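*Asks:* Below you'll find the structure I mean.
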Amino acid sequence: VKSAKKIALGTISSLSRYDEKYIQNLKNVMLNGEMSIRFAYNATGGHVTTSLPVVDSKGNNVAIMSIVKPMSEMQGFTESYIKTVALSSAAITLIIVVFFSLLLMLRFVKPAAIITNETSHFAAHKGQLSDRLKKIKGKDEFGILARAIEKMSVDMNHYIDDLTHTTAEKERLSAELDVATQIQANMLPRIFPPYKDHPELELFATMEPAKEVGGDFYDFFMIDGDHFALVVGDVSGKGVPAALFMVIAKTLIKNNVMQGLKPAQVFERVNNELCEGNDAGLFVTCWMGVLTLSTGELRFVNAGHTFPILRHGNIVEFLKSKPDLMLAGMEGMSYHEHFITLGKGDRIFVYTDGVTEATDADNQLYGEERLISFLRKAEIKDVRQSLADVRSDIDAFVGGVPQFDDITMLELVLKDKVGELMVEKSFKAKDENMQAVFDFVHEQIQKDCPMEILNKIDLAVEEIFVNIAHYAYEPDEGPVTISCGFENDTLTVVFSDHGKKFDPLAHSDPDTSLALEEREIGGLGIYLTKQFMDSVEYEYVGDKNILTIRKKLS
């Protein structure tokens, strides 16, 4: 009740009279219209009192309304609220976790498991996939990865098919190359020593292609009983084209040599033949020599090939000559012939540039200087071991670097010239020495030689010696060297002089059907010599006329 600004307050349950602060709060509510919230505690617990002013129609505070709520009820409500909020939060959290777990499983775990299983399936089934990757339909990273694996499977299967086809093709080509290698090897002479009836020749050769088949080649063969040919060549390029061109070149060279052409003529003809239809632009460097066994004369021609190496006693040097253009390089080329005379024990080493151009790991060449230096220091051995030693030195130089060019080597040793198996004697080319010449020749003839054959030999010897005495050095005098030997029931007599160049075989034979007074003077003696002897050969080597006659004595 409010009267004359005095306030009379009744007794409030459960509040002490001496709680001045609470009374003051009530006064503030009554006088000022403030709301009061009071927390009170005692030995039995506590409560919450909320006080509000009650106003009349005029807005005057006429009373106070208070609500007292025990704290226990408030705590129960709070606990219930907290539990409700906590449970709701837990439920929402669980739902979110389950949702995201399902989302993670569907979007990440399951696609990852499918891809993992498919990769295992891919490896176990030679690149084949099942249909499980099709279940991954999204356009995210897993979808992109799934499509990539499917494409990889398709590409891998195509690759495997191509590889299988390629491997089969390679195996077929390898088999064909093996056959080609065998054919090429069979085309090169492989029997050493090659001629048991020519012990004066010691020879060995090797050819090692960089590929299954190569362009290098060598060849050697007897032209006749007294002439021996050896050839070493190198076709540009490698592999099957070079090997085919090699076969053609080797065959053409031998065919032309066997037709009786001289080395320079052989190369001129072979060059023109190789130029015909040479659309591939291949060419051949080649060295060829023809050795006369009776004299040791070696006539050779070089078509752009590496220089052979000659060992004469303790002297080892390059057999240098001005090289001509390689074969098949240009049609109509001329080639030049050179000559040397080999003595007993002389060696000639012919090789291709695969020897000197062998390269080590530092890209350094084996080179000509190292080769000739090795041969100068090397112990003289049989030709097979000599070539093996050269190859060992090349291998030691290059180390493990693969061979990139064909390597061909040939070595020839003239152990004994046929002429050195013969007896040689020089005479002054004068008529008064005729009997001494007869005596010298007769010493080499078997005692039981038929008189008819002996007379024919004497006639031929006299005709040749007299011609040399009268015409070779005219008007001066000079020597004639006669080599005479007997082998395989055949007498060989070789006349050599340094007089004027003269080929008695170049003149036509006289017409014996004419009367003596009608015939031209001269020519009858050499005609009879050709008739009586089994063979008569002439050659001009250096500055020497060399005439050789042979006659079988039985």
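*Asks:* Condition (residue is modelled with pLDDT of 95 or more, surrounded by fewer than 18 Cβ atoms within 10 Å (Cβ to Cβ) and not hydroxyl-bearing (S, T, Y)) applied to segment 296-306: is it met by at least one residue?
*Replies:* Yes, segment 296-306 contains at least one residue that is modelled with pLDDT of 95 or more, surrounded by fewer than 18 Cβ atoms within 10 Å (Cβ to Cβ) and not hydroxyl-bearing (S, T, Y).
*Asks:* With L230, L282 as the choices, which residue is aliphatic (A, V, I, L, M) and under 19 Å from H338 (Cβ atoms)?
*Replies:* On the way: L282 fails: under 19 Å from H338 (Cβ atoms).
Result: L230 is the single residue among L230, L282 that is aliphatic (A, V, I, L, M) and under 19 Å from H338 (Cβ atoms).
*Asks:* Of everything in segment 253-273, what is in contact with a helix residue (DSSP H, G or I) (Cβ under 7 Å, 6 or more places away or on another chain) and within 22 Å of Y351 (Cβ to Cβ)? Give them in sequence order.
*Replies:* I253, V257, V266, V270
*Asks:* Given the criterion within 28 Å of the chain's Cα centre (by Cα) and modelled with pLDDT of 70 or more, identify the matching residue among A180, A175.
*Replies:* On the way: A180 fails: modelled with pLDDT of 70 or more.
That would be A175, the only listed residue that is within 28 Å of the chain's Cα centre (by Cα) and modelled with pLDDT of 70 or more.
*Asks:* Working only within segment 392-416, note down all residues that are surrounded by fewer than 16 Cβ atoms within 10 Å (Cβ to Cβ), among the charged types (D, E, K, R) and not in a loop (DSSP other than H, G, I, E, B).
*Replies:* Result: D395, single match.
*Asks:* Among (1) in contact (Cβ under 8 Å) with a residue 12 or more places away in the chain; (2) surrounded by 14 or more Cβ atoms within 10 Å (Cβ to Cβ), which single condition is A361 missing?
*Replies:* A361 satisfies every listed condition except (2).
*Asks:* Out of the residues in segment 308-350 that are within 35 Å of the chain's Cα centre (by Cα) and among the basic types (K, R), state the one that is farthest from L203 (Cα to Cα).
*Replies:* So, considering only residues that are within 35 Å of the chain's Cα centre (by Cα) and among the basic types (K, R), the one farthest from L203 (Cα to Cα) is K322.
*Asks:* May I ask you to say which residue of G277, G260, G343 is farther than 29 Å from E424 by Cα, outside any strand (DSSP E or B) and modelled with pLDDT under 95?
*Replies:* G277
*Asks:* Look at segment 307-318 and say how many of its residues are assigned to a loop (DSSP other than H, G, I, E, B), at pLDDT 95 or above and surrounded by fewer than 21 Cβ atoms within 10 Å (Cβ to Cβ).
*Replies:* Let us first name the residues in segment 307-318 that are assigned to a loop (DSSP other than H, G, I, E, B), namely 307-308, 313-314.
From what is left, the residues that are at pLDDT 95 or above are 307-308.
Retained after the next criterion (residues that are surrounded by fewer than 21 Cβ atoms within 10 Å (Cβ to Cβ)): 307.
Matching residues across segment 307-318 total 1.
*Asks:* Further question: Please go through segment 437-456 and give me each residue that is exposed (fewer than 14 other Cβ atoms within 10 Å of the Cβ) and either within 30 Å of F349 (Cα to Cα) or modelled with pLDDT of 85 or more (or both), ordered by number.
*Replies:* Looking only at segment 437-456, we keep the residues that are exposed (fewer than 14 other Cβ atoms within 10 Å of the Cβ), and these are 439, 443, 446-448, 450-452, 455.
The answer is D439, E443, P450, M451, E452, N455.
*Asks:* Which of the following residues is out of contact with any helix residue (DSSP H, G or I) (no Cβ under 6 Å at 6 or more places or on another chain), under 29 Å from E537 (Cα atoms) and not assigned by TED's automatic domain parsing to the domain that holds V257: P199, P189? Spell out the reasoning first.
*Replies:* Numbers: P199 fails: not assigned by TED's automatic domain parsing to the domain that holds V257.
From the options P199, P189, the qualifying one is P189.
*Asks:* Separate question: All but one of (1) at pLDDT 80 or above; (2) touching a strand residue (DSSP E or B) at 6+ places or on another chain (Cβ under 6 Å); (3) not polar (S, T, N, Q) hold for L94; which doesn't?
*Replies:* (2)
*Asks:* Please find, within segment 502-554, the residue that is farthest from T490 (Cα to Cα) out of those that are of a type in the set (V, I, T) and at pLDDT below 85.
*Replies:* Step one: filter segment 502-554 for residues of a type in the set (V, I, T), giving 512, 521, 526, 529, 536, 541, 546, 548-549.
Among the residues that remain, those that are also at pLDDT below 85 are: 512, 521, 541.
Details: T512: 29, I521: 32, V541: 24 Å.
Per the stated criteria, the residue is I521.
Residue-wise test of (1) at pLDDT below 70; (2) in a helix (DSSP H, G or I); (3) in contact with a Gly (Cβ under 9 Å, 6 or more places away or on another chain); (4) among the aliphatic types (A, V, I, L, M).
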residue: Y81; (1), (2), (3), (4): no, yes, no, no
residue: F99; (1), (2), (3), (4): no, yes, no, no
residue: R107; (1), (2), (3), (4): yes, yes, yes, no
residue: H121; (1), (2), (3), (4): yes, yes, no, no
residue: D161; (1), (2), (3), (4): no, yes, no, no
residue: H165; (1), (2), (3), (4): no, yes, no, no
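*Asks:* Only one of (1) of a type outside the set (K, R); (2) at negative phi; (3) without any contact (Cβ under 8 Å) to a residue 12 or more places away in the chain is not met by G277, so which one is it?
*Replies:* Exception for G277: condition (2).
*Asks:* Within segment 337-385, track down each residue that is out of contact with any strand residue (DSSP E or B) (no Cβ under 6 Å at 6 or more places or on another chain) and of a type in the set (D, E, K, R).
*Replies:* K344, D353, D360, D362, E368, E369, R370, K377, E379, K381, D382, listed by residue number.
The values are calculated or read from the model by the stated rules, or taken from the named source; none is laboratory data. Keep in mind the model is a prediction, meaning the values are calculated, not measured. Here Cβ is always computed from backbone atoms with ideal geometry, including for glycine, and neighbour counts include all displayed protein chains.
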